[in-house]
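*Asks:* Sharing a structure here in structure tokens format.
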Amino acid sequence: RASAGRITAVIPYFGYARQDRKAKARDPISAKLCADLITTAGADRMLTMDLHAAQIQGFFDIPVDHLLGVPILAPYFVEKFKDYPRDDLVVVSPDLGSVTRARKFAERMNTTLAIVDKRRPRPNVCEVMNIIGDVKGKIAFLVDDMVDTAGSICNAAKALMEVGGATEVYACATHGVLSGPAIERITNSCIKEMVLLDTIPEKEGAKDARITMLPVAPVFAEAIGRIYEDKPVSPLFG
């Protein structure tokens, strides 16, 4: 109504991103609906971070700038473990869907990669089966896009310690949804430190659960500046 020449929707955490396909009969594809709502409301461009599936960018009929959390998370651990031999560290994907993200993380840390093969018998119930890769006697880093109820990541950490023989487990994710029993689960888990980005405001009790929050504001500020000045945003994806 103010006759803006261009409107960019800055959405650090895109809601309904996990509803990106029909998992069973009569499921809605709510991620597409949200994309249509944002476009219809008048946005000319969208700026977001770590969509649950990169293909969601195709749900929009407007340009989408998809920032990544790994370039913020990885340097934190690189600095923290700079004096450790690379052979003593391993990056772990908590499921098959997060392998690409974990591989980029492993490249930045110059370590090997392992995968937790997990099966989910019903929604929000996770059963870990086995571990692909060598984690025995190593410090493991679990990398995911979001932590919701924390069931998956806590089970994966437990499996790394008990089945794989890892010495310590650290975890990190872009979005800390932390719904339901998440804080309690993380507090009682074997995860030594959970590192999250503040795309969602910090939840009460997070510090007691060994959760460290890192800011995304500098990356978004750089992206907004580039969009405003019509410069490429792609250098931020690296």
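*Asks:* Skip the ligands, DNA and RNA, and give the accessible area per residue of segment 1-92 with a 1.4 Å probe, whole Å².
*Replies:* On the way: 5200 Å² over 92 residues.
Here the residues of segment 1-92 average 57 Å² of exposed surface.
*Asks:* Given the options Ser179, Ser189, Met161, identify the residue whose Cα lies farthest towards the positive end of the charge dipole of segment 64-195 (+1 on Cβ of Lys, Arg; -1 on Cβ of Asp, Glu).
*Replies:* Met161
*Asks:* Any chance you could look up the accessible area of Lys22 with a 1.4 Å probe, heavy atoms only, rounded to 10 Å²?
*Replies:* Counting only protein heavy atoms, Lys22 exposes about 120 Å² to solvent.
*Asks:* Between Asp88 and Leu33, what is 0.36 nm times their sequence separation minus the Cα-Cα distance? Round to one decimal in nm. Walk me through the numbers on the way to the answer.
*Replies:* On the way: separation 55, 0.36 × 55 = 19.80 nm, distance 4.52 nm.
Full-extension gain reported as 15.3 nm.
*Asks:* As a quick test, which of the pairs Lys136/Lys158; Lys82/Lys138; Lys82/Lys203 have an alpha carbon distance above 20 angstrom in this structure?
*Replies:* On the way: Lys136/Lys158 13 Å; Lys82/Lys138 15 Å; Lys82/Lys203 30 Å.
Flagged as over cut-off: Lys82/Lys203.
*Asks:* Here's a follow-up. Put a dot 7 Å past each Cα toward the Cβ at Glu107 and Phe237; how far apart are the dots in nm?
*Replies:* 1.2
*Asks:* Next question, about the same structure. Nearest 500 deg cm²/dmol is fine: what mean residue ellipticity at 222 nm does the chain get from its DSSP H runs of n ≥ 4 alone, each adding -39,500 (n - 2.57), divided by its residue count? Mind dumping the intermediate values first?
*Replies:* On the way: 6 runs with 62 residues, N = 238.
Rounded to the nearest 500, it is -7500 deg cm²/dmol.
*Asks:* Sticking with this structure for a sec: For segment 87-188, what does the convex hull of the Cα positions come to per residue, in cubic angstrom?
*Replies:* Values: hull volume 8.8 nm³, N = 102.
Convex hull of Cα atoms, per residue: 86 Å³.
*Asks:* Once each part is reduced to its C-alpha centroid, what is the distance from segment 175-192 to segment 5-33 in angstrom?
*Replies:* Segment 175-192 and segment 5-33 have Cα centres spaced 25 Å from each other.
*Asks:* Here is a further query. Work out, step by step, the length gained on full extension between Asp230 and Lys136: first 0.36 nm times the residue separation, then minus their alpha carbon distance; give nm to one decimal. Could you put the intermediate results ahead of the total?
*Replies:* On the way: separation 94, 0.36 × 94 = 33.84 nm, distance 4.89 nm.
Separation in residues times 0.36 nm, less the Cα-Cα distance, equals 29.0 nm.
*Asks:* Related question: Taking 0.36 nm per residue of sequence separation and subtracting the Cα-Cα distance, how much length would be gained by fully extending the chain between Ala217 and Gln55, in nm to one decimal? Could you put the intermediate results ahead of the total?
*Replies:* Values: separation 162, 0.36 × 162 = 58.32 nm, distance 2.45 nm.
The span from Ala217 to Gln55 would gain 55.9 nm if fully extended.
*Asks:* In whole percent, and with a 1.4 Å probe on the protein chains, what portion of the accessible area of the chain is carbon and sulfur? Could the numbers behind the result be given before it?
*Replies:* On the way: 6370 of 12200 Å².
Carbon and sulfur together cover 52 percent of it.
*Asks:* What fraction, in whole percent, of alpha-carbon pairs in segment 10-169 exceed 24 Å separation? Intermediate results must be reported in sequence, preceding the final value.
*Replies:* Numbers: 5376 of 12720 pairs.
It works out to 42 percent of all Cα pairs.
*Asks:* Next question. Rolling a 1.4 angstrom probe over the protein heavy atoms, how many square angstrom per residue are accessible across segment 165-238? Could you put the intermediate results ahead of the total?
*Replies:* Values: 3580 Å² over 74 residues.
On a per-residue basis, 48 Å².
The values are calculated or read from the model by the stated rules, or taken from the named source; none is laboratory data. Since we're looking at a predicted model, the values are computed, not measured. Neighbour counts run over all protein chains shown; Cβ positions are idealised from the backbone, glycine included. For accessibility, only protein heavy atoms count, side chains too; no ligands or nucleic acids. Shrake-Rupley method; radii C 1.70, N 1.55, O 1.52, S 1.80 Å.
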